[in-house]
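Contents: one structure, followed by commentary.
The values are calculated or read from the model by the stated rules, or taken from the named source; none is laboratory data. Quantities reported herein were computed from a predicted structural model and do not represent experimental measurements. As a convention, Cβ positions derive from the backbone with ideal geometry for all residues, glycine included, and neighbour counts pool all protein chains shown.
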Ligand code: NAP
């Protein structure tokens, strides 16, 4: 089976590492991004320089028509879509719930949850038996992220539940749906959250005494997508250094 994957939010961080790893394993990769075109094109260049197949596609994955265009463009480019990684996500600066605006809460939910719903829906219409989906949740779904990002944590809790439900719904169709829950990973997302050095600050609280690398998350995603995980569905891998 020719493997074709969409990685949402593939322009940087965990999505970029996942796109590159999957391409090295023979997947044709759609590197989705929102606004950072140069970063997305750089990921594609790194893949094609090594003989892999990839293209970049701008789509706001919280927007229904953008998501449909993303899937149609990938099919047109590479043929039948076989795998999906729902990785795109955002968080905003640390705040207590009492100070959160509804506008911010809705933005986090639509970017992190509506995107997962829309992409899963378009994927299960197209993916045949043997295909797989991985959702990128967060350890925050377990911690609740009090005093920091309860909105973000709640969005990841919704992703966890969506993963469980959909995995059971499509299991008999031969489609597997799993989830990874990273902890503190070295990416630029923490600057968006108002604290670029957050991972360093919290390292001593992590049992393994360090933050994770995007590639360490990508490895778990690639395994869950692969046939090596052929009897794994509705499962969650915590990649959080023991936290
Ligand atoms: P990141 O470096 O901030 O990258 C986020 C990616 O998502 C970018 O490619 C961005 O595209 C894309 N994106 C954002 N909004 C989008 C939208 N509306 N439509 C399409 N793409 C969109 O983040 P990261 O740290 O790699 O995190 C990736 C995933 O892992 C997220 O779901 C995050 O919640 C989760 N996670 C991260 C950590 C961590 O410590 N880093 C921990 C737990 C979970 P542009 O660059 O074009 O804007």
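Of the residues 74, 18, the single one that is touching a helix residue (DSSP H, G or I) at 6+ places or on another chain (Cβ under 7 Å), surrounded by 15 or more Cβ atoms within 10 Å (Cβ to Cβ) and farther than 21 Å from residue 193 by Cα is 18.
Only helices (runs of 4 or more DSSP H) wholly contained in region 174-239 count here; list those with 2 or more residues that are within 10 Å of the ligand (Cβ to nearest atom) and surrounded by fewer than 22 Cβ atoms within 10 Å (Cβ to Cβ). Step through it out loud before you land on a result.
Numbers: elements: 189-192, 198-202, 214-225.
Output list reads 189-192, 198-202.
Quick check on region 175-186. Is at least one of its residues under 20 Å from residue 159 (Cα atoms) and without any contact (Cβ under 8 Å) to a residue 40 or more places away in the chain? No; the residues of region 175-186 include none that is under 20 Å from residue 159 (Cα atoms) and without any contact (Cβ under 8 Å) to a residue 40 or more places away in the chain. Quick one: in region 154-173, of everything that is surrounded by 19 or more Cβ atoms within 10 Å (Cβ to Cβ) and out of contact with any strand residue (DSSP E or B) (no Cβ under 8 Å at 6 or more places or on another chain), which residue is nearest to residue 143 (Cα to Cα)? The extreme case among them is 154.
Okay, residues lined up against (1) over 24 Å from residue 121 (Cβ atoms); (2) away from the ligand (no atom under 13 Å from the Cβ):
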position: 46; (1), (2): yes, yes
position: 55; (1), (2): no, yes
position: 59; (1), (2): no, no
position: 66; (1), (2): no, no
position: 71; (1), (2): no, yes
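The one condition from (1) in a loop (DSSP other than H, G, I, E, B); (2) more than 16 Å from the ligand (Cβ to nearest atom) that residue 90 does not meet is (2).
Of all the criteria given as (1) more than 12 Å from the ligand (Cβ to nearest atom); (2) loosely packed, with under 14 Cβ neighbours inside 10 Å; (3) in a helix (DSSP H, G or I), the one not satisfied by residue 147 is (3).
With the structure loaded, tell me whether residue 89 is at pLDDT 95 or above, over 18 Å from residue 192 (Cβ atoms) and buried (at least 24 other Cβ atoms within 10 Å of the Cβ) or whether it fails that test. Judged against the criteria, residue 89 is not a match.
Just the residues that are in a helix (DSSP H, G or I), within 13 Å of the ligand (Cβ to nearest atom) and under 14 Å from the mean Cα position of the chain (by Cα), please, taken from region 118-144. Can you show your working first?
To start, the set of residues in region 118-144 that are in a helix (DSSP H, G or I) comprises 118-126, 140-143.
Those left that are additionally within 13 Å of the ligand (Cβ to nearest atom): 118-119, 140-143.
Within region 118-144, 118, 119 qualify.
Filter region 1-26 down to the residues that are free of Cβ contacts under 8 Å to residues at least 60 places away in the same chain and more than 11 Å from the ligand (Cβ to nearest atom) and list them by number.
Let us first name the residues in region 1-26 that are free of Cβ contacts under 8 Å to residues at least 60 places away in the same chain, namely 11, 19, 23-24, 26.
23, 24, 26 - these are the residues of region 1-26 that are free of Cβ contacts under 8 Å to residues at least 60 places away in the same chain and more than 11 Å from the ligand (Cβ to nearest atom).
Look at region 54-78: where a residue is without any contact (Cβ under 8 Å) to a residue 24 or more places away in the chain and under 20 Å from residue 28 (Cβ atoms), no partner that is away from the ligand (no atom under 14 Å from the Cβ) and assigned to a helix (DSSP H, G or I) sits 6+ places away or on another chain with Cβ atoms under 6 Å. Annotation: of all residues in region 27-37 being closer than 17 Å to residue 134 by Cβ and either near the ligand (Cβ under 9 Å from one of its atoms) or under 11 Å from the mean Cα position of the chain (by Cα) (or both), the one that is surrounded by the most Cβ atoms within 10 Å (Cβ to Cβ) is 32.
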